[in-house]
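Read-outs: derived from the displayed coordinates by stated rules, not from any lab. Every value quoted in this text rests on a predicted model; they were computed, and no experiment measured them. We place every Cβ from the backbone using ideal geometry, glycine too, and count neighbours over all the protein chains shown.
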Amino acid sequence: MKLAFSTLGMPGQGLREAVATAVEYGCAGLELRLHPDTGIHAGLSPARRAEVRAFLAGASEGHPAATGAPGAHRGDAGSPGGTSGSGGSGSGVPLESSASRSGVSGSGVSGNGVPFESGASRSGAFGSARPEVSALAGYVKIAMAGPDEPVVRALRDDLALAADLGAPAVRVFPGGDDVETGARRLRAVADLCVESGVRVLVETHDAMPTGAAVGRLLDAAGVPEAAGALWDVLHPWRHGEEPARTLAALAGHLAYVQIKDAVSAADTTPVPMWTGGVPLDECGELLRGFEGWVSLEWERTWYPHVAPVEEILPGAREWVARFSA
């Protein structure tokens, strides 16, 4: 298993801080949330895409992606407005937290008791080391009702971005329960996936929250070279599907795993690993031998009152180490 974490857990912070956090906490990868607020989205200009890729590949600190924000200018196509917003750098992307920009100390204590500073103040220390991009977390709804063309176009845009940034996959949601619609749209992008080497990952989520549902969709699509399954360990379990059944249903399709813990099946508020109801140990035992990405999806963007992701990463790292042995 290879550990990553999602930038969903670092709202208001930029790519520099996310990379610094990944390096400090021993994460091999970053799952980049696609949204204008993060500076990573399909509206990036070719120049900005090149800057982001160079930064992630270990560009020198003098590179524009290191000294400015490696992301969209507010004037880039697809990004909102024409001026830099609150929390953004001169290029409109939140590179650092507002606290670190204003001079407020970012010092604190991580979950393993080790003092740490904000990502902005740590960022000069990671040198040439950079995590890989494990996936782009997109929001295309592959099986939603309506015409195919807008959905396929949006997915093709995200796949092109992934290829430009060196990401191996794009996450999508079902967004509906129409298997044939979702399968048809996956087949429509299969050519681009093969050409670019980027796969579509259908998450166990919303209208298809179980492994059985996502497995049926991927079986119907019949394009394993283009599409695979993302097992979010929370959603199948909270909809009554035991982990062993989820894994069996995704046999031949499983490409990526998101781990997290939550209070209960009814209350999905995030909590530190092993303090909630998600059967993490059972999932881990089933996943022994899995060689793909395991990403901590700490949903602080949706639950701003929860602890910083730095306090949760040591538990995620322990989970991966325990079940990789």
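Taking the centroid of alpha carbons for each part, region 287-317 and region 173-193 are 28 Å apart.
Peptides 4-16, 220-232: what's the order by average Cβ count within 10 Å, highest mean first? Mind dumping the intermediate values first?
Numbers: 4-16: 25.0, 220-232: 20.7.
Final packing ranking: 4-16, 220-232.
I need the peptides 208-214, 50-56 ranked by packing, meaning the mean over residues of other C-beta atoms within 10 angstrom, with the highest value on top.
Put in order of decreasing packing, that is 208-214, 50-56.
Among the GluC sites (Glu not before Pro) in region 234-325, those placed in a DSSP loop whose Cβ has at most 13 other Cβ atoms within 10 Å are GLU291. Annotation: peptides 198-207, 266-275, ranked by per-residue average of other Cβ atoms within 10 Å with the highest first, follow the order 198-207, 266-275.
Derived from the Cα gyration tensor, the three semi-axes of the equivalent ellipsoid of region 165-231 are 19, 13, 9 Å, largest first.
Net charge in the neighbourhood of PRO209 (other residues with Cβ under 12 Å of its Cβ; Lys, Arg +1, Asp, Glu -1) is -4. Between HIS305 and GLU225, residue separation times 0.36 nm minus the direct Cα-Cα distance comes to 24.8 nm.
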